[in-house]
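Shown next, in structure tokens, is the structure this report addresses.
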Amino acid sequence: MEHQLGRPIASRKPFDPTYDPIRAPNPGEGKDYAPTYWIGTAGKPPSDDGPVTCDMDVDVAIVGSGYTGLSCAIHLAREHGIKATVLEANGVAWGCSTRNGGQAQISAGRLKRSQWIERWGVDIAKKLHVEISEAFDLFRDLIRSPEIDCDAQDGGHLYIAHRDKVMPALESESRLLNEVFGYRSRIVGREEVHRDFVRDEEAKGAMYEPDGMGIHAAKLAFGYLNLARKLGARVHTASPVLSCDWKNGAYHLSTPGGTVRARAVCIATAGYTSPDLHSLTRHRLMPILSNSIVTRPLNEEERSELNFKTRIPLTDTRTLRHYYRIMPDGRVQIGSRSAITGRDAVNPKHLGRLLEGLYRKFPVLKGITIDYSWWGWVDVSHDMMPRIFRPDPKQPLFYAMGYGGNGVMYSAQAGRRMAQMVAGQGGALDLPIFTSPLPSHGLLTPFRRLGQWGMYRWYYLKDEIL
């Protein structure tokens, strides 16, 4: 099996495959990227502003240079005339933004529309749907910028039933989307899935959503970087924030190269948020590992056998879902959840389970060469929904996190919303994701991973056996 490690950079420190955000004091300093398909095929990253080398005073410091942090910098400059300074521990978009599946869906967090209604009622659910729809429009508009060329493949999203028993729930959700939210989803039968989309042998049917897009994850991040810097933002890499303290009317962010004093701070570190970064973000997320692989390019016989007529994102209905699609260069990508701890991430059994998932869907690919294999940390909130929030009205500190694996699209809007809050224009943002903090796990915090271990086994029983 071939593992391509992306572009080797002599000045960078080696990538640590066992990094664990619950245990590590910070994500490191100047480490190389994970060996993802995205880094391996994006070409040379654009220029950044290098490490912090002296003390400096700035208006707004953004911690984290992924999609959310860069979008915040873009919108601070574009809509509010504020030129932010972005601080990144390693390379630009080193975490979630270059380790995801490259799928933009019309969602944020892990809950379905029916679950929104159960939690908040119909009126708030409708407003939240409007917010998510506006977010997709923003995302589409943003990637039209000349600085961003991310191999966008628009056309919808197919939510594939992996067993007959889940079809009634899919049909119910589709009716709800149409009748309550006015969203034109539709149910697709197994025959139509195989004829018009892909010959996924597990598929018993599917729900088609007209909004969905495949993108090249690293090219998207690097495009955001180009646009942010063009608008006047500064992006300092290899500059981990070692402490963040409020003193004398400013935040003092300590980095290895100097202290950055900022009048406001935005935290956009997602699944790579260290417990010691700040007390207001400590243990507010559950970082969960997700594995991903990319095959060699398919040959003509394989492409014909799989009948891949679509390039849109595909996900299945497992609780620990698979996300997959065919790439523009003819490779198949598939991902799903992985190990529980960073130490166990390198265990080959997790790769084996992902391969089993690939083979169940596409038996013709059994034994195919895997050219890329990697994993990364997903930022799952305790209640499965993101937050864009100012957790203490006395402190000008904001965060945008908790996407639960659905942040490729919504992170653009989340960055924009956080920029509005920083600029003092967030008063009209009255949805629960803007008006409440990321929930704490409370007394259960030390036992989260034990609970995760038990839930994974329950999910397997529910999805595959019961």
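The values are calculated or read from the model by the stated rules, or taken from the named source; none is laboratory data. Here the structure is a predicted model, which means the values were calculated and not measured. Every residue, glycine among them, receives a Cβ derived from its backbone with ideal geometry; neighbour counts consider all protein chains shown. Protein only, heavy atoms only, side chains kept; ligands, DNA and RNA dropped before computing areas. Shrake-Rupley method; radii C 1.70, N 1.55, O 1.52, S 1.80 Å.
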>> Given the options Ala77, Ala104, name the one that is farther than 16 Å from Val260 by Cβ, within 15 Å of the chain's Cα centre (by Cα) and touching a residue at least 12 places away in the same chain (Cβ under 8 Å).
In response: Ala104
> If you take the residues of region 283-311 that are open to solvent by less than 10 Å² (accessible area, probe 1.4 Å) and of a type in the set (Val, Ile, Thr), which of them is nearest to Arg353 (Cα to Cα)?
Replying inline: Ile293
> Somewhere in region 65-88, is a residue on the phi > 0 side of the Ramachandran plot and aliphatic (A, V, I, L, M)?
Replying inline: no
> Do any helices (runs of 4 or more DSSP H) entirely within region 384-462 hold 2 or more residues that are within 17 Å of His80 (Cα to Cα) and in contact with a strand residue (DSSP E or B) (Cβ under 6 Å, 6 or more places away or on another chain), and if so, which?
Replying inline: 407-422
>> So if I check each of Leu253, Leu280, which one is open to solvent by less than 50 Å² (accessible area, probe 1.4 Å), among the hydrophobic types (A, V, I, L, M, F, W, C) and in a loop (DSSP other than H, G, I, E, B)?
In response: Leu280
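Suppose we filter Arg190, Arg186 for residues that are among the basic types (Lys, Arg), modelled with pLDDT of 95 or more, in contact with a Gly (Cβ under 8 Å, 6 or more places away or on another chain) and open to solvent by 20 Å² or more (accessible area, probe 1.4 Å); which single one remains?
Arg190
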>> Restricting to region 247-293, give me the number of residues that are in contact with a Gly (Cβ under 9 Å, 6 or more places away or on another chain) and of a type in the set (D, E, K, R).
In response: 2
